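Participant: To start, I am sharing the structure in question, which I have written as structure tokens.
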Amino acid sequence: MGMATSGGRREQQSEINVTPMIDVLLVLLVIFMVVQQELRSGIPVQLPPASSSVRSPTPDPLVLSIRPGPEYALNTRPLAPGRLTEELRGIFASRPGKVLFVQADEGLRYGEVVRAMDASRAAGVEVIGVVPRARGS
């Protein structure tokens with residue numbers, strides 16, 4: 001609030017000093033601008049190329065099931081645990097899309113799942129997806 005002198009009397013003027021409010025508004029504006037930039041970042045997504053107008057038939061997805069033991073099965077076909085990399089390499093050699101989905105039992109140790117994922121990467125798999133548990137189970 002400002003003080004004005006008029007004659008010998010001291011009166012207070014009831015004028016609002018807007019400078020601090022403008023400072024607060026500018027700070028809020030800067031904060032909202034920074035937050036807006038952070039909200040624009042998204043999740044990287046792999047999209048199919050737009051150049052091909054004719055859709056080629058996509059092969060059935062391959063799901064690697066892992067059970068304790070470890071026991072491996074590729075779409076219900078059993079795989080030998082010692083030859084997992086070699087068998088996956090033979091299967092993915094003729095496939096155009098190198099995508100594999102991994103489905104593991106709930107009680108399985110984390111290291112066994114990672115070992116299977118490493119073996120699939122060594123076999124040439126480019127994208128590994130994890131199949132979530134079914135709802136309600």
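Participant: For region 95-137, just say rounded, prolate or oblate: build the C-alpha gyration tensor, square-root its eigenvalues into a ≥ b ≥ c, call rounded for a/c under 1.5, and beyond that prolate if a/b exceeds b/c, oblate if not. Numbers along the way, then the final one.
Facilitator: On the way: a/c = 4.30, a/b = 1.50, b/c = 2.87.
Oblate, since a/c reaches 1.5 and b/c is not below a/b.
Participant: Also: Accessible area of Glu106, 1.4 Å probe, to the nearest 10 Å²?
Facilitator: Number for this one is 140 Å².
Participant: Taking 0.36 nm per intervening residue step and subtracting the Cα-Cα distance, what contour gain separates Val24 from Ala122 on full extension?
Facilitator: 29.6 nm
The values are calculated or read from the model by the stated rules, or taken from the named source; none is laboratory data. Source: prediction; values computed, not measured. Keep in mind that these areas ignore ligands, DNA and RNA; they rest on the heavy atoms of the full protein, side chains included. Shrake-Rupley method; radii C 1.70, N 1.55, O 1.52, S 1.80 Å.
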